[in-house]
1. Identify all aspartates and glutamates with a Cα-Cα distance to Lys497 below 16 Å; exclude those on the same chain that are fewer than 8 residues away in sequence.
2. At 7 Å along Cα-to-Cβ for each site, give me the label-to-label distance between Thr79 and Thr22 in nm.
3. Considering all projection directions equally, how large on average is the shadow of the alpha-carbon convex hull of the stretch 566-632, in square nanometres?
4. Over the stretch 74-116, calculate the relative contact order: mean separation of alpha carbon pairs under 8 Å at least 6 apart, over the residue count, as a percent.
5. Answer with one residue from Gly416, Ser652, Ser581: the one whose Cα lies farthest towards the positive end of the charge dipole of the chain, charges on Cβ with Lys, Arg +1 and Asp, Glu -1.
6. Taking the convex hull of the Cα atoms, report for the stretch 24-172 its projected area averaged over all directions, in nm².
7. Over the chain, with a single point scatterer placed on each C-alpha, what log10 of the ratio I(q)/I(0) does the Debye formula yield at q = 0.06, 0.07, 0.08, 0.11 1/Å?
8. Going by a ≥ b ≥ c, the root eigenvalues of the Cα gyration tensor, does the stretch 264-369 fall in the rounded group (a/c under 1.5), the prolate group (a/b larger than b/c) or the oblate group?
Amino acid sequence: MIRKYSYGTPYETYATVLEMDTASEPIPYFSVEQTGEGLHFSLSLKEDEAIYGLGENVRGINKRGYLYISNNVDDAPETEGKHSLYSSHNFIIVAGKERTFGVFFDDPAWFSFDLGFSDPDMAVMTSRYGDLAVYIIEDDGLNAIAKEFRRLIGRSYLPPKWAFGFIQSRFGGISEESVNETLAEYEKLGIPIDSFCVDIDGLDEYQNFTWHKENFPDPERFVKEKLAQGIHLIPIVDVAIRKDENIPEYVSGAEEDVFCHNDQGEDFVGYVWPGTCVFPDYFQEKTRKWFGHCYQRYLNMGVHGFWNDMNEPAVFAEPEGFRRGAEKLNSICEEYSFLKFGELMEFQKILFDLEKAGDKFQHCIDGKRIPNERVHNLYGAMMTQGTNEGFLEYDPNMRFTLFTRSSYIGSHRYTGVWLGDNHSWWSHLLQNLKWIPSMNLCGYLYTGCDLGGFNGDTTDELMLRWLQLGVFVPLMRNHSAWGTRQQELWRFSYREKMAKMVNIRYALIPYLYSEFMKCALRDESMYRPLAFDYPDDERAKRVEDQIMLGGECMIAPVYEQNAKGRYIYLPEDMLMLRMRSVDDFEEVKLTKGDHYIDVDTDQLIFFIKRNAAIPMAKPAMRVTDIDPDTIRMHGWLDREYTYELYDDDGLSKNVDLETGIRHIKAGM
Ligand code: MIG
């Protein structure tokens, strides 16, 4: 059951798809109080209660015990001391013996979740402006509540099947040659791959919808050539557009007045990668249409995958910012004081501070001028809606690959998400694992983190271990930053071991795709905290480094350097697969309870519930070449098990569970 409550004058956020009346009785569970700081929703927490959700934020699967702030920001590194990341997903479930309910605060402005931070026994949610809708979601247990929430927010984005293939990416140095070189090396090593990302350095002076003139001299030919090899190119699309009469998007956009304004009624100008830029005002329908149309340049070439970046939005500086920065530096030179120096630590904010921009950065909503801060967390989500307009214009029945950095609940209907600029840290491998079930709870099924880590230098062991998690993650992308150690798999001493892991991924694709599509079409989570499936198991509720996958599996990666094994808690009997490669593996029957498991660096482990079975196929070099006739079932069976294998053409929007499901029997 879902009930809606309304406060102030909520903005249209596009988060929900159900038309609902506002309840007239006061909101249950919470006491509501207005102070100078905002509208507070307070709840006293019982000792046994856990809190799940929040999609993208720092720290655990159980979010209790910290302060989280919805305030989309480009602020790497994603250390646990942060309170905000790139996206805001204001949905939580409070779960305990006496009560379990979900609550969604549909508020696109600054919003905080003090979940036992100021007071361990209190949860206080604060809306800065008090213009919001609140939804209380009740049902029978955690999974049922999660599903009910998804009914409220609508069906998750469906990527094409090729998006489940391995994606190679690198910020720095991409060219026709570098792509061909990696392809050839991967071919030699037998590493399957389906796509390459093209980052901003692969564009013409960092500008959207272009190609670097020297590195991609004939993009039409190159795109065709790669498609003929079964390889997709996935270019990046940034928010900002250079203010330059020679840029067609600037000219057409200015003509149609689609950019964000400042307090003088002129286009807001700020510096980002392409130079002096303007920012599309995606809150306007005409902007979304215009922006979507810009993608046709790529789409018409056969480019059918994209990643949307910098859409918090990230603004490096504003024109007067540089003058302010210079003055600050001068004043320190003239008279050094530690206080002044301290301000330098926040130098970026001297150049531009979106949080303090006020009327300087405005949107036009329903004909009214609205400062960004009122709807800030929606900006990236509105961008992806614009992208979707472009897809619909090109082919309304086709699925496209899309992942965004910034998002809000609602954009899960249009896009996947990647977790921005993580680090080549072991702690971020674990962060990756914890992030996935929280994202699933908020409707984001097509998700992944930069495998191997984006910033910093990865190592053979970290890359290999991270791949052993990446095998199970829908968006399987290896990406790294300019200036860091190069991360293409063929460059590592462990390349042969890595090749085997990617092959295991491709062997699992029929299963992963089937589970993904079933969950998407049934409004379910593909990855869940153990607590969701074993609500009566006190131990399962405490587990933060294992998650459930689909209807049959549990994953538990090794996430520590030099670890040759790890502890596992099994909430029921399970079959462990310990795999060196698709053909070199052991099946170990394990009983419910605690186990210490040996896992050599070149081994991947995962678990299948007793009396369940999963399909694995013979891998192929491309997703489309995987032959379903090679499927073999794996499981520990005391009786027959029937697996529902979903499959379809992987490309069109003609998706139907009934016609797509084939029953595969696994014998004893
Ligand atoms: O300011 O396009 O998160 O994946 O490689 C950095 C360059 C801009 C941030 C993205 C990252 C991407 C990088 N971008």
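1. Glu185, Glu187, Asp460, Glu461, Glu488, Asp583, Asp584, Asp600, Asp602
2. Going from the Thr79 label point to the Thr22 one covers 4.3 nm.
3. Working: hull surface 21.3 nm².
Computed as one quarter of the Cα hull surface, the answer is 5.3 nm².
4. Working: 24 pairs, mean separation 10.7, N = 43.
Contact order relative to length: 25 percent.
5. It is Ser581, whose Cα lies furthest towards the positive end.
6. Working: hull surface 46.5 nm².
Orientation-averaged projected area of the Cα hull: 11.6 nm².
7. Debye intensities relative to I(0), on a log10 scale: -0.32, -0.45, -0.59, -1.15.
8. Values: a/c = 3.33, a/b = 2.02, b/c = 1.64.
Prolate is the answer for the stretch 264-369, as a/c is 1.5 or above and a/b outweighs b/c.
No value in this document is a laboratory result; all are computed from the given coordinates. It should be emphasised that the depicted structure is a prediction, and the values quoted were computed from it without experimental measurement. No Cβ is skipped: glycine too gets one built from the backbone with ideal geometry, and neighbour counts run over all protein chains shown.
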